[in-house]
């Protein structure tokens with residue numbers, strides 16, 4: 001059995017702003033600061049939540065982990081260790097995988 005779809009009116013404000021009715025915001029998890037997509041359709045405009053994956057902010061330690069773990073041989077690994085030291089970090093204190 002299909003779910004009942006909500007349909008509500010909204011007014012267009014200054015600068016083209018549209019307030020999405022509270023019931024619809026709640027149903028679709030749209031909160032202040034959410035990103036939405038305004039999509040052109042033949043019969044109008046569809047506004048829907050945008051799928052935005054969370055962004056990871058890399059700490060210097062996480063960057064060092066990438067640098068060390070991506071070394072492909074012992075020479076590359078030695079350069080990676082120097083690069084991490086230049087970042088002011090101890091390569092021995094960073095959890096990482098060494099090249100085979």
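One table, with the values for the structure above:
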quantity	calculated
Subset tally (residues that are at pLDDT 95 or above and in a loop (DSSP other than H, G, I, E, B)) for the range 73-97	8
Residue 34 being surrounded by 12 or more Cβ atoms within 10 Å (Cβ to Cβ) and free of Cβ contacts under 8 Å to residues at least 60 places away in the same chain	yes
Within the range 9-28, tally of residues that are in a loop (DSSP other than H, G, I, E, B) and loosely packed, with under 13 Cβ neighbours inside 10 Å	6
So residue 45, is it assigned to a strand (DSSP E or B) and either closer than 30 Å to residue 88 by Cα or under 26 Å from the mean Cα position of the chain (by Cα) (or both)	yes
Matching residues in the range 37-79 - criterion: being touching a strand residue (DSSP E or B) at 6+ places or on another chain (Cβ under 8 Å) and surrounded by 13 or more Cβ atoms within 10 Å (Cβ to Cβ)	47, 49
Residues satisfying the stated conditions in the range 8-27, i.e. modelled with pLDDT under 90 and within 23 Å of the chain's Cα centre (by Cα)	27
Residue count, the range 32-42 (criterion: under 16 Å from the mean Cα position of the chain (by Cα) and assigned to a loop (DSSP other than H, G, I, E, B))	3
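The values are calculated or read from the model by the stated rules, or taken from the named source; none is laboratory data. It should be emphasised that the depicted structure is a prediction, and the values quoted were computed from it without experimental measurement. Cβ atoms come from the backbone with ideal geometry, glycine included; neighbour counts cover every protein chain shown.
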